[in-house]
1. Exactly one condition in (1) closer than 25 Å to His117 by Cα; (2) at pLDDT 95 or above; (3) out of contact with any Leu (no Cβ under 8 Å at 6 or more places or on another chain) is false for Leu158; which is it?
2. Restricting to region 86-125, count the residues that are of a type outside the set (A, V, I, L, M), without any contact (Cβ under 8 Å) to a residue 12 or more places away in the chain and in a loop (DSSP other than H, G, I, E, B).
3. So Val156 ticks every box in (1) in contact (Cβ under 8 Å) with a residue 12 or more places away in the chain; (2) surrounded by fewer than 16 Cβ atoms within 10 Å (Cβ to Cβ) but one. Which box is left unticked?
4. Looking at region 51-82 only, could you name the residues that are modelled with pLDDT of 75 or more and in a loop (DSSP other than H, G, I, E, B)?
5. Kindly list the number of the only condition in (1) assigned to a helix (DSSP H, G or I); (2) touching a residue at least 40 places away in the same chain (Cβ under 8 Å) that fails for Ser150.
Amino acid sequence: MKRIREQKERKPVNEPKHRDVALWINTVCATILALIAVVGFTTGKQKIADFFGLVTSLPHVSAAPSVFAPVTFADVVRVVNDTNLTELQKDEFRRKHEGRTVEWTVRLLSIRRIWEHQADSDFLVVFGSADGDVRSSHLEEPAVATFPASVRDDMVDLQKNEIIRFRGVFRFTTAHSVSVENCQLLEHHK
């Protein structure tokens with residue numbers, strides 16, 4: 001009995017050091033896995049944002065521009081022809097509005113099929129400013145808009161110098177010329 005008492009009174013033996021090491025390794029591995037998960041999540045989020053053009057709260061993801069650009073054709077002509085603006089200022093203007101949807105009222109200068117020998121071709125409309133002196137309100141190169149072949153009847157009805165209003169995606173084809181793609185004709189006045 002004395003022996004049993006001695007065993008009960010003994011202090012517990014310290015756990016082996018390998019348990020401390022195992023706990024430390026476990027903590028390090030959990031931390032590494034958490035970091036990998038965070039990096040994987042943000043990388044995946046970046047790829048998804050790039051693919052769908054979504055805006056996210058991550059600092060390295062740039063905000064997508066709004067769908068509609070509140071810029072007029074007259075604004076574009078003014079900026080492109082302004083000799084007081086630097087090339088950097090003009091470039092910033094182009095970057096800000098490039099690829100955004102515009103709705104413009106302009107003067108139709110000419111219209112033709114993009115592929116002259118194809119009856120079902122899309123249409124190319126050359127346009128200028130609807131306001132005032134047409135010569136002083138133009139770019140160095142013609143401004144053009146493309147319309148789908150499906151609006152053929154509307155295109156046939158249009159007349160030279162007619163005022164039209166359309167909506168489409170704005171592009172700078174060069175530093176001094178613009179195009180508007182995938183246009184919808186909203187209205188026209190003779």
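The values are calculated or read from the model by the stated rules, or taken from the named source; none is laboratory data. What you see is a predicted model; the values in this text were computed from it and never measured. Cβ atoms come from the backbone with ideal geometry, glycine included; neighbour counts cover every protein chain shown.
1. With (1) closer than 25 Å to His117 by Cα; (2) at pLDDT 95 or above; (3) out of contact with any Leu (no Cβ under 8 Å at 6 or more places or on another chain) applied to Leu158, the lone miss is (3).
2. Residues that pass the stated criteria total 5.
3. Of the numbered conditions (1) in contact (Cβ under 8 Å) with a residue 12 or more places away in the chain; (2) surrounded by fewer than 16 Cβ atoms within 10 Å (Cβ to Cβ), the odd one out for Val156 is (1).
4. At the first step, the residues of region 51-82 found to be modelled with pLDDT of 75 or more are 68-82.
Listed by number, the residues that qualify are Ala69, Pro70, Val71, Thr72, Asp82.
5. Answer for Ser150: the failing condition is (2).
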